[in-house]
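Q: There's a structure below that I have some questions on.
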Amino acid sequence: MRRNASITLLSAGHACVDLYQGAVASLVPFFVAERAYSYAAVSGIVLAASLLSSVAQPVFGLLTDRWAMPWLLPVSTLLGGVGIALSGVSGSYALTLAFVALSGVGVAAYHPGSARVARLASRGSHRGMAWFSLGGNLGFAVAPLLVTAVVATGGLRLTPLMALPALVGSVLCLPVLRALEKQRQAAGGSAAVTAGEDDRASFVKLSLAVVCRSIAFIGLSTFLALFAKERMGGSTAAGTAALFVLYLGGAVGSVLGGTLADRWDRVTVARWSYLLTAGCVAGVVFVPGPAMYVCVALTSAGLYVPFSLQVTLGQDYLPSRIGTASGITLGLTVSIGGLVSPFIGSLADATSLQTALAPLALMPVLSWLLFRTLPEPAVPESAVPEPAVPDAAGRGSG
């Protein structure tokens, strides 16, 4: 299978999985309207999706570094969809939390292995990884539209229809996995030796920068629909539109990041992106009227320009632990932003959404400061490790 075809299929599958991450925030206004949940209560739902995912993704990363588990890609895609599909079936808050958490585990299991496969399929290309990330961002962008189309027509009881993208995504990854198995057999079952030494100090700094980015993005995605609805006179459509712009801008930012990294180094591109984004976040919170949507678009693009670059940077800082690095940069540090959402919700209940969201403008500044201390790793394409692929007995080759 050609490289472009593999990346396209992986990107489409990534879209199906990340749709369920975006669906959690997209369901928040409906939980508030139909079940009268408070800001703190809906923050708990976002936390349920993030908490297990935060812990589980590095664990799955460690496992994929040790053993080949290609079956995780289709199975985890299905888990992500089933959790969201069941979240609206029961009126029980505890069951809702459990189902959303199940979806979070599915998302957690998917990302380390898929990022590793995408790195191999793209042959270490920044642009290839950017297109892989684009799929996830498009999934986020489609989520509010799909959730609104399904739930607005018949209420939360129709969420089982949300399982359909998971079925599609689980099938899309199969040709890529078969192609990798054929490549392994053609190479005689050998795997490339990982080159380079781990730079753990830089990896820790990178992880902290991604945490700050995550707090800003998840904080906005959790409450933006409610904030826009409040600012635009109570229109649910205004909230859905704001969330759609937030996610769609991320799709543009990811592709732009890969393109810019081909001209300048990844650290420089990410550093300047974060610095410019700080003012855009402040604009989302304080700029009145429809101009807020422009600020939302710029914020989204600015936060996503570094996204795929951070994944490859993490892999290059930890070349001996590609799965672990992917699990942390795509999982733990991204999902951990959800842990802050309940505090934002509680502050919003006590004051106002505007007051609670204002501190988020400081997060890109912290990411910028951390990126100022990072080196650009020089890793030749030939040093890109080949992921373990199961042999006839089902064992990993690495």
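Q: Can you tell me which residues in region 30-53 are surrounded by fewer than 24 Cβ atoms within 10 Å (Cβ to Cβ), within 19 Å of Val151 (Cα to Cα) and either among the aliphatic types (A, V, I, L, M) or in contact with a Leu (Cβ under 7 Å, 6 or more places away or on another chain) (or both)?
A: Phe30, Val32, Ala33, Glu34, Ala36
Q: Of the residues Tyr304, Tyr293, which is within 22 Å of Gly250 (Cβ to Cβ), out of contact with any Ser or Thr (no Cβ under 6 Å at 6 or more places or on another chain) and touching a residue at least 24 places away in the same chain (Cβ under 8 Å)?
A: Step by step, each of Tyr304, Tyr293 is checked, and only Tyr293 is within 22 Å of Gly250 (Cβ to Cβ), out of contact with any Ser or Thr (no Cβ under 6 Å at 6 or more places or on another chain) and touching a residue at least 24 places away in the same chain (Cβ under 8 Å).
Q: When only residues in region 250-263 that are more than 14 Å from the chain's Cα centre (by Cα) and buried (at least 24 other Cβ atoms within 10 Å of the Cβ) count, which is farthest from Tyr20 (Cα to Cα)?
A: Per the criteria, the residue is Ala261.
Q: Here's a follow-up. If I ask for residues that are under 30 Å from Thr236 (Cβ atoms) and in contact with a Phe, Trp or Tyr (Cβ under 8 Å, 6 or more places away or on another chain), which ones from region 45-73 would you list?
A: The answer is Ile45, and nothing else.
Q: On to the next question. Step by step: first the residues of region 232-253, then only those that are of a type outside the set (A, V, I, L, M) and modelled with pLDDT of 80 or more, then the one that is nearest to Leu370 (Cα to Cα). Which residue is that?
A: Gly253
Q: Kindly provide the set of residues from region 169-202 that are β-branched (Val, Ile, Thr), open to solvent by 70 Å² or more (accessible area, probe 1.4 Å) and at pLDDT 70 or above, ordered by number.
A: If the condition is that a residue be β-branched (Val, Ile, Thr), open to solvent by 70 Å² or more (accessible area, probe 1.4 Å) and at pLDDT 70 or above, then Val171 is the only one that fits.
Q: Return yes or no: is Val171 touching a Phe, Trp or Tyr at 6+ places or on another chain (Cβ under 6 Å) and either closer than 19 Å to Val24 by Cα or assigned to a helix (DSSP H, G or I) (or both)?
A: So Val171 does not fit the description; no.
Q: What is the residue count in region 9-32 for residues that are of a type outside the set (D, E, K, R) and within 15 Å of Asn137 (Cβ to Cβ)?
A: Here the count works out to 15.
Q: Only residues that are closer than 13 Å to Met363 by Cβ and either surrounded by fewer than 24 Cβ atoms within 10 Å (Cβ to Cβ) or in contact with a Cys (Cβ under 8 Å, 6 or more places away or on another chain) (or both): list them for region 297-308, please.
A: Thr299, Gly302
Q: Here's a follow-up. Which one of these is modelled with pLDDT of 85 or more, part of a helix (DSSP H, G or I) and open to solvent by 40 Å² or more (accessible area, probe 1.4 Å): Val269, Val285, Val294, Val281?
A: The conditions single out Val294.
Q: Now, a different point. Which of the residues that make up region 54-93 are open to solvent by less than 10 Å² (accessible area, probe 1.4 Å) and basic (Lys, Arg)?
A: none
Q: Now for a separate question. Within region 151-168, take every residue that is open to solvent by 20 Å² or more (accessible area, probe 1.4 Å) and among the aliphatic types (A, V, I, L, M) and give me the one that is nearest to Ala12 (Cα to Cα).
A: In this case the residue turns out to be Val168.
Q: For region 316-368, give me every one of the helices (runs of 4 or more DSSP H) that falls completely inside it and has 3 or more residues that are open to solvent by 30 Å² or more (accessible area, probe 1.4 Å) and over 18 Å from Arg200 (Cβ atoms).
A: 341-350
Q: Of everything in region 82-104, what is farther than 22 Å from Thr148 by Cβ and under 22 Å from the mean Cα position of the chain (by Cα)? Give them in sequence order.
A: Once the filter is applied, which keeps residues that are farther than 22 Å from Thr148 by Cβ and under 22 Å from the mean Cα position of the chain (by Cα), region 82-104 yields Leu97, Ala98, Ala101, Leu102.
The values are calculated or read from the model by the stated rules, or taken from the named source; none is laboratory data. Every value quoted in this text rests on a predicted model; they were computed, and no experiment measured them. Counting neighbours? That spans all protein chains shown, and the Cβs are built from the backbone with ideal geometry, glycine included. Side chains are part of the model used for accessible areas, which takes the heavy atoms of the whole protein and leaves out ligands, DNA and RNA. Shrake-Rupley method; radii C 1.70, N 1.55, O 1.52, S 1.80 Å.
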